[in-house]
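**Student:** Can you keep this structure in mind? I'll have questions shortly.
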Amino acid sequence: MVQPVLVFGAGGLGKLALEIFQGNGVVVYGFLDDNKSLHGELIDDVSVLGSTDDQRFLKLIGSKCQAFVAENDKRLKMDLVGMLNEKRKVMPVNAIHPNAYLSSSASMGYGNLISAGVVVNAHASLGNHGILHAQCTIDYEVSMKDYVEVGAGSIVGSEVSIGAGVFIGAGATLVSGVTIGDHARIGAGSVVISDVAENQTLFGNPAQKVADK
């Protein structure tokens, strides 16, 4: 039997995670969120129990429940993951929508959110704590590091290499074989036809450098 999940973050991403877990028959124990105005509120009959540092609930992780971090703020997400690793000796679980397709030969780490209609093709490799939004396609032999976010409807072509912390906006296209450096940002609807250096921001068709991060 799968343990219940405690979700960190009660915003939009947390609500999506709730739907995914419930769609897979996994009980969500509750939410933790630092917005005190949400404490005691119900989200689809699941309670916002307290703050992310509330020891009453943190002590349950690893023994009676699992954890998932549903935060868009990358630094906050990294802090929460670090806390779970250090204090609870656990990694967050994956939240994979039942309507996503993951090839049996694909691999992934921990703490990823895979939304509805996502396709991850043969021998693709996903890191930890990524977010793949609805209807995006990760083609065969793509390599993706940690904390990558891919926007809805984006297409990542075969054999693309994506560094850590990369953001890819909705509807973007990365042609096969390009390399995207760590912490680069690709604007919505952009078409990337050549390698992107780390920390660069690109936009357009074809995508052009906007500014260093």
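The values are calculated or read from the model by the stated rules, or taken from the named source; none is laboratory data. On a predicted model such as this, the values are computed, not experimentally measured, just so you know. Positions of Cβ are backbone-derived with ideal geometry, glycine not excepted, and every protein chain shown enters the neighbour counts.
**Student:** Can you tell me which residue within segment 111-127, out of those that are assigned to a loop (DSSP other than H, G, I, E, B) and touching a residue at least 40 places away in the same chain (Cβ under 8 Å), is surrounded by the fewest Cβ atoms within 10 Å (Cβ to Cβ)? Talk me through it step by step, then tell me what you get.
**Tutor:** First, the residues of segment 111-127 that are assigned to a loop (DSSP other than H, G, I, E, B): 111-112, 115-118, 121-124, 126-127.
From what's left, touching a residue at least 40 places away in the same chain (Cβ under 8 Å): 111, 115.
Values: Gly111: 25, Ser115: 23.
Checking each candidate, the answer is Ser115.
**Student:** In segment 161-213, which residue that is surrounded by fewer than 21 Cβ atoms within 10 Å (Cβ to Cβ) and hydroxyl-bearing (Ser, Thr, Tyr) is nearest to the chain's Cα centre (by Cα)?
**Tutor:** Among them, the one singled out is Ser161.
**Student:** Also, I was wondering about something else. Any residue at all in segment 71-88 that's buried (at least 18 other Cβ atoms within 10 Å of the Cβ), assigned by TED's automatic domain parsing to the domain that holds Val27, in contact with a helix residue (DSSP H, G or I) (Cβ under 7 Å, 6 or more places away or on another chain) and in a loop (DSSP other than H, G, I, E, B)?
**Tutor:** Yes, segment 71-88 contains at least one residue that is buried (at least 18 other Cβ atoms within 10 Å of the Cβ), assigned by TED's automatic domain parsing to the domain that holds Val27, in contact with a helix residue (DSSP H, G or I) (Cβ under 7 Å, 6 or more places away or on another chain) and in a loop (DSSP other than H, G, I, E, B).
**Student:** Same structure again: Quick one: would you say Leu80 is at pLDDT 95 or above and over 30 Å from His183 (Cβ atoms)?
**Tutor:** The answer is no for Leu80.
**Student:** While we're on this one: Scanning for something of a type outside the set (Ser, Thr, Tyr), under 30 Å from Phe203 (Cα atoms) and buried (at least 18 other Cβ atoms within 10 Å of the Cβ), does segment 103-110 turn up at least one residue?
**Tutor:** yes
**Student:** Looking at segment 121-157, which of its residues are touching a Phe, Trp or Tyr at 6+ places or on another chain (Cβ under 7 Å) and either under 14 Å from Tyr101 (Cα atoms) or of a type in the set (Lys, Arg) (or both)?
**Tutor:** Across segment 121-157, the qualifying residues are Asn121, Ala122, His123, Ala124.
**Student:** Report whether or not Val93 is at pLDDT 95 or above, crowded, with 17+ Cβ neighbours inside 10 Å, within 18 Å of Val2 (Cβ to Cβ) and within 15 Å of the chain's Cα centre (by Cα).
**Tutor:** Here the answer is yes, as Val93 does meet what is asked.
**Student:** Now a separate question. Among (1) part of a strand (DSSP E or B); (2) closer than 10 Å to Val5 by Cα, there is one condition Val48 misses while meeting the rest; what is its number?
**Tutor:** Status for Val48: all satisfied but (2).
**Student:** Follow-up. When only residues in segment 63-79 that are over 13 Å from Gly130 (Cβ atoms) and of a type in the set (S, T, N, Q) count, which is farthest from the chain's Cα centre (by Cα)?
**Tutor:** Within segment 63-79, the match that is farthest from the chain's Cα centre (by Cα) is Ser63.
**Student:** Are any of the residues in segment 24-36 surrounded by fewer than 19 Cβ atoms within 10 Å (Cβ to Cβ), in contact with a Gly (Cβ under 8 Å, 6 or more places away or on another chain) and not in a helix (DSSP H, G or I)?
**Tutor:** No, every residue in segment 24-36 fails to be surrounded by fewer than 19 Cβ atoms within 10 Å (Cβ to Cβ), in contact with a Gly (Cβ under 8 Å, 6 or more places away or on another chain) and not in a helix (DSSP H, G or I).
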